[in-house]
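Everything on this sheet refers to the single structure shown next.
The values are calculated or read from the model by the stated rules, or taken from the named source; none is laboratory data. Model, not experiment: these values are computed from the prediction. No Cβ is skipped: glycine too gets one built from the backbone with ideal geometry, and neighbour counts run over all protein chains shown. For accessibility, only protein heavy atoms count, side chains too; no ligands or nucleic acids. Shrake-Rupley method; radii C 1.70, N 1.55, O 1.52, S 1.80 Å.
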Amino acid sequence: MDRRHLCSTFLLLLFISFFSEVNPAYFKVVNKCRHTIWPGFLSGANTAQLTTTGFVLKPGNSRTVTIPKSWSGRLWGRTFCGVDFSRKFICQSGDCGSGQIECSGSGAKPPATLAEFTLNGAGGLDFYDVSLVDGYNLPMLIVVKGGKGGNCSATGCLLDLNGACPSELRVARQNGGGGVGCRSACEAFGDPEYCCSGAFRTPDVCRPSRYSLFFKHACPRAYSYAYDDTTSTYTCAGADYVIMFCPPPHTSQKVFGARKDGALLPLVNKSMIYISSLHANGASLSGLLQLQSTVPAASFAMAIFLFWQLILPL
């Protein structure tokens, strides 16, 4: 009897383990930008590549990708893509260098806004973040669907920072039609102090710089430099995820209302908004329009909403 009971218990545990391992997550990638983007995926070390590593996504369209439950990796959006004279597929921002729409194991060339995931990690939790450590090229929002444990909070960078980018970090479009990205100080200058390398490789000596604070002030929940963990990493378990590029304001308002963690950090800094259509060329850190703290929060939120209603498709 004991032997049969032990065997039954073992088979039950094996079944549960197998089921939990093969139960996938689903990433719904949504393009709310006014232009086509080409999302790319890169799996982490010791993680198999996905069935797709890149695809085209026209404005207003979405695509759901099945993700193995223990997957780790990143995804990003490529912009201003096409075929060059040698018939290679290339992009002006986020290019992965594969020469094709599929990235096939190659990562994004900085600057690029990154969504980073480790699924079913320590304690069975998913760890996720939006990172600007490698620079910025597109607004991005991660929203959790379902799930339990952790805080399951939304995170992202909702503002268009390309126009406000300091001139020394700015990446211009090849035909001169405005900025396509904003580099990190590490990428732009290679200084160990900005890269958290060499003598600055530990968190006690590598501190936020004026450049990383430019990103952090605009996008408080996003990673702004290498040791920005405490305000930038989020957790959940058993969840699916929506990764939205160029999220419209009504989506952001819903996220504010549904936030589970009660975190003090908002998705955007309510004392700051950048109007990219009025400052297309960008020149310095002063490119952000500061609003006085005396403006009521509700009025400020309504002003932002009405402004974006005029310039973004819903």
Open item on the list: Considering only residues that are polar (S, T, N, Q) and either assigned to a loop (DSSP other than H, G, I, E, B) or open to solvent by 60 Å² or more (accessible area, probe 1.4 Å) (or both), which ones fall in segment 25-44?
Closed with: T36
Open item on the list: So, in segment 67-92, how many residues would count as being surrounded by 13 or more Cβ atoms within 10 Å (Cβ to Cβ) and either farther than 19 Å from C33 by Cα or among the charged types (D, E, K, R) (or both)?
Closed with: 11
Open item on the list: Looking at T52, T66, T47 in this structure, which one is at pLDDT 95 or above, closer than 19 Å to C103 by Cβ and part of a loop (DSSP other than H, G, I, E, B)?
Closed with: T52
Open item on the list: Of the conditions (1) at pLDDT below 95; (2) more than 21 Å from K145 (Cβ to Cβ), F19 satisfies every one except a single condition; which number is it?
Closed with: (2)
- [ ] Please specify each residue of segment 144-197 satisfying the condition of being under 27 Å from D126 (Cα atoms) and among the β-branched types (V, I, T).
- [x] V144, T155
- [ ] Return only the number of the condition from (1) in a loop (DSSP other than H, G, I, E, B); (2) farther than 25 Å from A48 by Cβ; (3) touching a Gly at 6+ places or on another chain (Cβ under 9 Å); (4) free of Cβ contacts under 8 Å to residues at least 60 places away in the same chain that F85 does not satisfy.
- [x] (3)
